[in-house]
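Read through the structure below, which is laid out as structure tokens, and then see the notes.
The values are calculated or read from the model by the stated rules, or taken from the named source; none is laboratory data. Nothing here was measured: the structure is a model prediction, and the numbers come from that model. No Cβ is skipped: glycine too gets one built from the backbone with ideal geometry, and neighbour counts run over all protein chains shown.
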Amino acid sequence: MNCPAEKNTFIDKPFTFPAPAKINLFLHIVGQREDGYHNLETLFQFLDHSDTITLTTTQTKTIDLLTPISGVENEDNLIVKAARLLQEKAQSPFGVKISINKILPMGGGLGGGSSNAATILVALNVLWQCNLSTQVLADLGLSLGADVPIFVHGFAAFAQGVGEQLSQVEPLESWYLITKPECSISTQQVFTASDLPRNSAKLTDKSLETNDFINDCFHNDCQTLVIKHYPEVAKLLAWLIEYAPSRMTGTGACVFTRFSSQKEAFALQEKLPQGVSSFVARGLNKSPLSSVIAKLALNN
């Protein structure tokens, strides 16, 4: 399935890849499945704000994470799990040294862990010369987490099922101020909460004909729960909404506030209350990882 080691021109050369953040422009929970998971309708868009991962292919099969994440055992890290999963699926003879510059907050709803895993799958598929299809990589990613496939496919999408059924869309590529109060939220705790809304009506095709998904027709069901139990998020969201359309992403705790210009986003950032971390980013309908991968494939 792969090329002989002596023909792999990527061996012992470091290559750096982005692992971008995502936001959920809306997130509707339309039911709970028998397996305990939830059926969702959500819209993913990427941000031009990324962790960066550097990979150096080796001729041994060792998966070596050089930059462990505090509090997370290497073997439990999605980065390592993704590399091992691909290695097994492709029966690759290669290994890799991995380092990550982590800037996306954990427990923020920006998909950092899933994005890291997807970048590993997509990048090592090229560096290890596995030649697996995007769909096969997405299927592998789904076994690691429901958000991994969107990062593998790399296009803004309306998602259904647990988040793996994707239809490409083109929402406005607005500017966003991303804010996070001093708290982190467990996705598992949100989705297992007894008071989580689980009965939103399914969207119609007509309701998806817009490219503006931050209006009263759309919402985030997780936000309804989080603002009841996390006063830090409730307070921040109430403050932001006074200035511009704002909504929590994913299961939180990050909130995005939309603007038509970068200048407006920076202006509000300067006014933020103390204790709120933030960054300004542009919404992207194509993952920055896609262009890096395409350039790498073209030059080799």
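What do you reckon, is S99 of a type in the set (S, T, Y) and out of contact with any Ser or Thr (no Cβ under 9 Å at 6 or more places or on another chain)?
no
Quick one: would you say F256 is surrounded by 14 or more Cβ atoms within 10 Å (Cβ to Cβ), in a loop (DSSP other than H, G, I, E, B) and aromatic (F, W, Y)?
Considered against the rule, which asks whether it is surrounded by 14 or more Cβ atoms within 10 Å (Cβ to Cβ), in a loop (DSSP other than H, G, I, E, B) and aromatic (F, W, Y), F256 comes out as no.
F213: in contact (Cβ under 8 Å) with a residue 40 or more places away in the chain, out of contact with any helix residue (DSSP H, G or I) (no Cβ under 7 Å at 6 or more places or on another chain), assigned to a helix (DSSP H, G or I) and farther than 22 Å from T119 by Cα, yes or no?
For F213, the condition - in contact (Cβ under 8 Å) with a residue 40 or more places away in the chain, out of contact with any helix residue (DSSP H, G or I) (no Cβ under 7 Å at 6 or more places or on another chain), assigned to a helix (DSSP H, G or I) and farther than 22 Å from T119 by Cα - is not met.
Among the residues of segment 85-121, write down those that are more than 20 Å from the chain's Cα centre (by Cα), in a helix (DSSP H, G or I) and free of Cβ contacts under 8 Å to residues at least 60 places away in the same chain.
The answer is Q87, E88, K89.
Please verify whether segment 35-52 includes one or more residues that are modelled with pLDDT of 95 or more, under 24 Å from Q129 (Cβ atoms), of a type in the set (V, I, T) and within 19 Å of the chain's Cα centre (by Cα).
Yes - at least one qualifying residue is present in segment 35-52.
Go through (1) buried (at least 20 other Cβ atoms within 10 Å of the Cβ); (2) modelled with pLDDT under 95; (3) of a type in the set (A, V, I, L, M) for V80 and report which single condition fails.
(2)
Considering only segment 240-251, state which residues are assigned to a loop (DSSP other than H, G, I, E, B) and either touching a Leu at 6+ places or on another chain (Cβ under 9 Å) or farther than 16 Å from H219 by Cα (or both).
Result: E242, Y243, A244, T249, G250, T251.
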